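Each value in this text was obtained by applying a stated rule to the coordinates, not by laboratory testing. Small disclaimer: the values here were computed from a predicted structure and weren't measured. Don't worry about glycine lacking a Cβ; one is built from the backbone with ideal geometry, like all the others, and counts go over all protein chains shown.
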Amino acid sequence: MNNPACGDEVRLQLRFDAGRIADVRFLGQGCSISQASTSMMTQLLRGRTPAEAAALAARFKQMMHGDPEAARDKALGELRALAGVSKFPVRVKCALLGWNALEEGLCRAAPRA
C-alpha cells in the first residue's frame, strides 16, 4: 500500500493461526506518522480475530476523522496519542496507510465460499 501524494509505503504481513492474528509485521518507509501508526497497530493486533481487527480499524478511522468519543476509546490503546493528527487533514492519509493495508489484507485472507 502506498500514498502517492507523499511517497509513504507500507507492506503488511499477517499470519493467522486458529482464526486469530498470530503475527503481524510491516516493512515500510515514509513519514513518522505513517510508520508510528503502523507500528502501534501491529502491537495491538496480535491475538485478535479478523473481526476484532476490522472493528479496531473502523474505530481508528473514526478517531482520524475527528470523533472525540473514539479518541477516548481505551480499546485503541497507545494509538490515542495520534488523535491530534485529525486536525491536519493532509496527514490523516499518512496515519491511515497501515490500516488501509490491514483492511486489504483481511479481505484477501477471508475464506472464500
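A count restricted to the stretch 15-41 and to residues that are touching a residue at least 24 places away in the same chain (Cβ under 8 Å), more than 13 Å from GLY98 (Cβ to Cβ) and surrounded by fewer than 18 Cβ atoms within 10 Å (Cβ to Cβ) stands at 4.
Checked against (1) more than 9 Å from the chain's Cα centre (by Cα); (2) over 16 Å from CYS6 (Cα atoms), MET40 passes all but condition (1).
The requirement of being at positive phi and surrounded by fewer than 18 Cβ atoms within 10 Å (Cβ to Cβ) is fulfilled nowhere in the stretch 90-97; no residue meets it.
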